[in-house]
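Only the coordinates and a few stated rules stand behind these numbers; no lab work does. These figures come from a predicted structure and were not determined experimentally. All Cβ positions, glycine included, derive from the backbone under ideal geometry; neighbour counts span all protein chains shown.
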Amino acid sequence: MTQILKIALDVPLATLFDYRADSAGTEDIGRRVLVSFGRRKMVGMIVALADHSDHPAAQIKPVLQVLRDSPPLPQEILALLQFCSDYYHHPLGEVIFTALPQRLRSDQPNALPCRRAYALTTVAPSPDELPTRAVVRRKLLQFLQQSGAAPREALLDLSSSAARHVKEMLALGWIEQTEEAIPVPSAAPSTGAPVLPQLNQEQATVVAEIHAAPPGFVPWLLLGITGSGKTEIYLRLTASQLEQGRQVLVLVPEINLTPQLEARFRTRFPGVPVVALHSSLNDTERLQHWLLAQSGAARIVLGTRLAVFTPMSDLGLIIVDEEHDSSFKQQDGLRYSARDMAVARAKQRDIPILLGSATPSLESYQNALAGRYRLLRLTQRAVEEAQLPVIRRIDLRTEKPVDGLTAPLLRALGENLTRGRQSMVFINRRGYAPVLTCNQCGWIAPCLRCSSKLVVHLREGRLRCHHCGHEERIPRACPDCGNPDLAPVGQGTQRLEDVLTEHFPTARILRIDRDSTRRKHALKEMLQEVHEERVDILVGTQILAKGHDFKRLTLVGALNVDGALYSADFRAAERLFALLMQVAGRAGRAAEAGTVLIQTQFPDHPLFEALLRQDYEAFAATQLVERKQAGFPPFCHQALLRAEATRLETALDFLRKARKLAAADDPAITVYDAVPAPMARLAGRERAQLLVQAESRQTLQRFLHHWYSALSALHARQTRWSLDVDPLDF
Ligand code: ADP
Ligand code: ZN
Ligand code: ZN
């Protein structure tokens, strides 16, 4: 009987496609297939089998090939991807092919990479039977006798003429070629068991509480200030999972910035196979790590958001570090939250999940307050002598900054330099200056493709758009009035670096931002310099804020933070607080207390009151009150319909039609007006958006389900649209 296969394809259509095959069975669900689609050949995935199709038999094409070169995607992952597709209202085919490593999206052979190896055959002589002058052959035979099978490279290492002898021995039938799987990368076995620190009281309580919980799905929220020993908790929980024969998945926001975490896992579990999954791996490595996780060979998977879909048959625990970080949310294509998918996965698999942060997202924190998550706290720094930093505000109304820096900050930097300590100056803007203006007519260099200004990059003599990447030479004169006196206004990391060099000519100053770390390994090398104390003053963007443990850093200055205090974006304050807590966490990790100086026009803002005491919960409480009054998340659930076209009117028009379709009589749903996006023009496209809101997630989901089908049927001429469920930026 001919089998109908329901195939998911990587196309923007919310449907599965019917193909037939004579030689496919249930064991092939989750396998990739090669099919012809229109005029192209495409790789698809078998999602289900059926015994009949609604299409006439003559129209149903046979699959060209079922690709059996790698194990099928487990049912469990398919179910998770289906959930993801349903929740984000995104076609299943695109979801599946977003999740898969690049190599699995193609029809290339994908078997777990192997290397050539050789083994002795039954007719091989023993080494002693050979004359003593056959030195190389005796050596090779001996080596193979001892090792069973040996990889080709190991044999070639034995002698410079080994290659020739291997070839001859193959011809003689003494050895045969076999394959050996590439071993899983893991730390070299250390000489002894790693020394575990004694858990402090708080840590011990946390671990005991988690261990005492009944097995099954429990979402834990670990709220612990920087340096309180959260990572130590992750390691302990991982250890007990490994003992029980389970795998552990650890998600981090940006693995490039946290090589220390990977190193800590590797040294704590010597000999335990750990693999990383993140975007800076090449395609082969990514595939290899994915398959090692799926086969169970890798026991710990450490990865960024894309790792949340990694098949792991023995998965026993998921850990999400820095759970509040917005890089867990993908901001294009399939706009999913890896943190939320991790929770869904843990629930589906009925295992615990631990979300950790010093500044949880208000969504997660509210979940904990409401009893949906279980809250655990670490309130003290783990290393006894490690003091909390002292945080001070510098009032910009009385202390006038020169080139961005106030006198008290300069003084503190000078003193720290004299004492031989490291300092960091943090500003959230790369480049030299945010704008270039004409002193005569007020012209400001605009990006012609975006509704934004061009940033001055003086070193390179260029103006750059940080949104679309457009760049041009710095003009010699104002294009409007011809005045040659153009001035960069405001501060960026480059300018700050220059200014600090003028003030402290003998200091070793290092700038770390996206521009200075573009080269591969640049960031790693720079961090190394900092650790080796070859740097006195660090200047940088938020790249510096995350995770790095600088032992000698005792002073942090924060510039230009005010924009977020009164922003139209209701999440701006939450983000600023998290960022400043993280920045503060860099100071005084070691025995010496650190100082954080924040330059602000609004020293009385309540955000700073909570920050001075490093009191996340006080801050969260005030924010939650505001959010509740305003009816913002987490007290409601949102979805954003985004549309873009070459003309703004076209995009708005589409959204107005969409709004009519949404004119649901359901009072539980609020549909706002179609408006231009805050950045209406991006890379030459005009963008508009429409916000939908409901008090309960279920109500919103039910509404979106119907609306999405209606939208799909709408003729969206010349408009690209997408739905963003739980949007983070507007
Ligand atoms: P977090 O992840 O919360 O920032 P870490 O787990 O990195 O904190 O701990 C901060 C520092 O304290 C690290 O250097 C770690 O090795 C050390 N540490 C953690 N727990 C203990 C403990 N119980 N005893 C001694 N040192 C500890
Ligand atoms: Zn001018
Ligand atoms: Zn631009």
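Miscellaneous remarks
- With Cα atoms defining each centre, the stretch 665-711 and the stretch 578-643 are spaced 28 Å apart in the structure.
- Extension gain, LYS400-GLN145: 0.36 nm per intervening residue step, less the Cα-Cα distance, totals 83.9 nm.
- Within the stretch 156-175, backbone nitrogen closer than 18 Å to the virtual label 7 Å beyond the Cα of GLU129 toward Cβ: 166, 168-175
- Charge dipole magnitude, Cβ of K and R +1, D and E -1 - the stretch 543-601, Cα centre, debye nearest 20: 240 debye
- Listed peptides 95-103, 379-387 appear in the order 95-103, 379-387 once ranked by packing, highest mean of other Cβ atoms within 10 Å at the front.
- Full-extension gain in nm, GLU168 to GLU415, via 0.36 nm per residue minus C-alpha separation: 81.7 nm
- P(r) tail, the stretch 621-730: Cα-Cα pairs separated by more than 16 Å, 59% of all pairs.
- The phi-based Karplus calculation (6.51 cos²θ - 1.76 cosθ + 1.60; θ = phi - 60°) puts the 3J(HN,Hα) values of the stretch 485-493 at 8, 9, 10, x, 10, x, 10, x, 4 Hz, whole numbers, x for Gly and Pro.
- Positive end of the dipole of the stretch 452-557 (Cβ unit charges, origin at the Cα centre): among LEU486, HIS521, CYS465, the Cα lying farthest that way belongs to HIS521.
- In the chain, taking the dipole from charged Cβ atoms about the Cα centre, the farthest positive-side position among CYS438, PRO603, ALA568 is held by CYS438.
- Computed from backbone phi, the HN-Hα couplings of the stretch 509-515 come to 10, 10, 9, 10, 8, 5, 6 Hz, rounded to whole numbers (Karplus: 6.51 cos²θ - 1.76 cosθ + 1.60, θ = phi - 60°; Gly and Pro given as x).
- DSSP beta bridge pairing in the chain, given as percent antiparallel to the nearest 5: 55 percent
- For the stretch 206-258, the pair-distance distribution built from all alpha carbon pairs, in bins 10 Å wide starting at 0, is 18, 54, 25, 2 percent.
- For the peptides 222-230, 560-568, the ranking by mean Cβ contacts within 10 Å, running from highest to lowest, is 222-230, 560-568.
- Cα-projected label distance for PHE635 with SER280, points at 7 Å along beta-carbon direction, nm: 4.2 nm
- Straight-distance crosslink candidates among lysines, where the alpha carbon sits under 28 Å from LYS41 and sequence neighbours closer than 8 are dropped: LYS6, LYS61
- Hits among lysines - C-alpha to C-alpha of LYS453 under 29 Å, sequence gap 8 or more where chains match: LYS329, LYS400, LYS520, LYS546
- Checking every one of the trypsin sites (Lys or Arg not before Pro) in the stretch 417-451 against DSSP loop status and a limit of 15 other Cβ atoms within 10 Å picks out ARG419.
- Karplus (6.51, -1.76, 1.60) ³J(HN,Hα), θ = phi - 60°, over the stretch 309-323, in Hz, Gly and Pro reported as x: 9, 5, x, 9, 6, 9, 4, x, 7, 10, 10, 10, 8, 6, 4
- Alpha-carbon centroid distance for the pair the stretch 345-399 / the stretch 506-538, whole angstrom: 29 Å
- Residues SER295 and GLN701, FRET efficiency given R0 of 41 Å [Cβ-Cβ distance, rounded to 0.05]: 0.70
- Packing, taken as the mean count of other beta carbons within 10 Å per residue, orders the peptides 477-486, 244-253 from highest to lowest as 244-253, 477-486.
- Applying 1/(1 + (r/R0)^6) with r as the Cβ-Cβ distance of GLN82 and GLU385 and R0 = 41 angstrom yields a FRET efficiency of 0.20.
- 12 Å cut-off, amide nitrogen to a point 7 angstrom out along LEU64 Cα→Cβ, residues in the stretch 1-41: 33-41
- Gain in span if fully extended, ASN483 to LEU714, counting 0.36 nm per residue against the direct Cα distance: 78.0 nm
- Amide H contacts of LEU555 (H built 1.01 Å from N, in plane; Pro and chain starts excluded): MET424, THR595 sit under 5 Å, all sequence-distant by 5 or more or on other chains.
- A cut-off of 5 Å between modelled amide H atoms, ignoring neighbours fewer than 5 places along the same chain, links ARG392 with VAL596, LEU597, ILE598.
- Hydrodynamic radius (Kirkwood) for the chain, which is based on Cα pairs only, to one decimal in Å: 29.3 Å
- Placing unit charges on each Cβ (+1 for Lys and Arg, -1 for Asp and Glu) gives the chain a dipole about its Cα centre, and among TYR88, ALA651, ILE353 the Cα reaching farthest toward its positive end belongs to ALA651.
- Amide H contacts of VAL455 (H built 1.01 Å from N, in plane; Pro and chain starts excluded): ARG464, CYS465, HIS466 sit under 5 Å, all sequence-distant by 5 or more or on other chains.
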